[in-house]
1. Of the peptides 84-94, 147-157, 200-210, how do they stack up when ordered by the mean number of other Cβ atoms within 10 Å, highest first?
2. Going by average Cβ density within 10 Å per residue, which order do the peptides 43-56, 185-198 take, highest to lowest?
3. If you plug each phi of segment 56-66 into the Karplus form 6.51 cos²θ - 1.76 cosθ + 1.60 with θ = phi - 60°, what whole-Hz ³J(HN,Hα) values come out, in order, with x for Gly and Pro?
4. Quick one: pull the percent of accessible area on segment 1-59 belonging to carbon and sulfur, 1.4 Å probe, ligands and nucleic acids left out.
5. Determine the per residue accessible area of segment 52-170 with all protein chains present and a 1.4 angstrom probe, expressed in square angstrom.
6. Show which lysines lie in cross-link reach of K161 when reach means a straight Cα distance below 18 angstrom and same-chain residues fewer than eight apart are skipped.
7. Over segment 173-236, give the accessible area per residue in Å² for a 1.4 Å probe, as an integer.
8. How many percent of the accessible area of segment 199-249 is carbon or sulfur, using a 1.4 Å probe?
Amino acid sequence: MTGMLEGKRLLVTGLITEQSLAFGVAKLAQQHGAQVILTGFGRMSLVERIAKRLPAPAPVLELDVTDAEQLDSLAERVKEHTDGLDGVLHSIAYAPPSALGGGFLTAPWEDVATALHVSAFSFKSLAMATLPLLSQGAGIVGLDFDASKAWPVYDWMGVSKATLESTCRYLARDFGPKGIRVNLVAAGPVRTLAAKSIPGFEAFEEAWTGRAPLGWNLTDSEPVAKACLALLSDWFPATTGEIVHVDGGFHAVGV
Ligand SMILES: NC(=O)c1ccc[n+]([C@@H]2O[C@H](COP(=O)([O-])OP(=O)(O)OC[C@H]3O[C@@H](n4cnc5c(N)ncnc54)[C@H](O)[C@@H]3O)[C@@H](O)[C@H]2O)c1
């Protein structure tokens, strides 16, 4: 795989700790020849400190995906570092506490709206914000959690992921004629900040480690990163609107 992203210019969102799925993608992408530009949200000094742990320096831009001004200026700010993009990673999700962990029937609309805005609508917002920079053959990849079922405790984040999956298909429809591919990687559970903030997340951990045909390592995000890189590379030129499961095969088996 060495150099499979040689010469590619990637925008990677969603880095907050070294465990972030985005960190794994940025690290592997640099190791495989890509130039990486990062975006961070809120705690920018923390994001910059974590970014320094990557194999190579990477500029960090601020991006709150619910902030129209930051979205509008994103392409110009990216252009200060590179003249175009070959790939974009969306690795962003958030739901207020009321919308997770058993609050499905009681979460107020304002909190549900926040979950949908940050976790699903933002996939479209980010795609549009970066469109002026995207080259023919570019790939956009988002991180999904299988939304074909209702899970314990996942609640409105599950609905947000179902919306993300549908958004991916519509984006694939509209970006395909521009030569841009849009796909998702549906990951199994990995112990990141976002995952640990879901009350009852242990239920996923136990299910996966017990049932995934290939087994599942809750602290290793490299399989997820590898799939993201493959979709961002030139090796999936005719694949769009797709969901690639990187879950040890969990989705394929029953109890
Ligand atoms: N960890 C898992 O088990 C798992 C499994 C499947 C899918 N995912 C998905 O992977 C993606 C990344 O999550 P992670 O597990 O690496 O956790 P993480 O906490 O490391 O990353 C979540 C990121 O979302 C960012 N974010 C939140 N609100 C934002 C906003 N308004 N604007 C911009 N960024 C914002 C945070 O700053 C953070 O960097 C998410 O979409 C998550 O749903 C995670």
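1. Working: 84-94: 24.4, 147-157: 18.0, 200-210: 15.5.
Result, highest mean Cβ count within 10 Å first: 84-94, 147-157, 200-210.
2. Highest-to-lowest ranking by the protection proxy: 185-198, 43-56.
3. 9, x, 9, x, 10, 10, 8, 8, 9, 5, 9
4. On segment 1-59, the fraction of accessible area on carbon and sulfur atoms equals 51 percent.
5. Heavy-atom SASA per residue in segment 52-170 reads 45 Å².
6. K124, K149, K196
7. 47
8. 55
The values are calculated or read from the model by the stated rules, or taken from the named source; none is laboratory data. Predicted model, so just to flag it, every value in this text is computed and none were measured. Quick reminder, even Gly has a Cβ in these numbers, built from the backbone with ideal geometry, and neighbours come from all protein chains shown. Ligands, DNA and RNA are stripped out before the accessible areas are found, and what is left, the full protein with its side chains, is counted by its heavy atoms. Shrake-Rupley method; radii C 1.70, N 1.55, O 1.52, S 1.80 Å.
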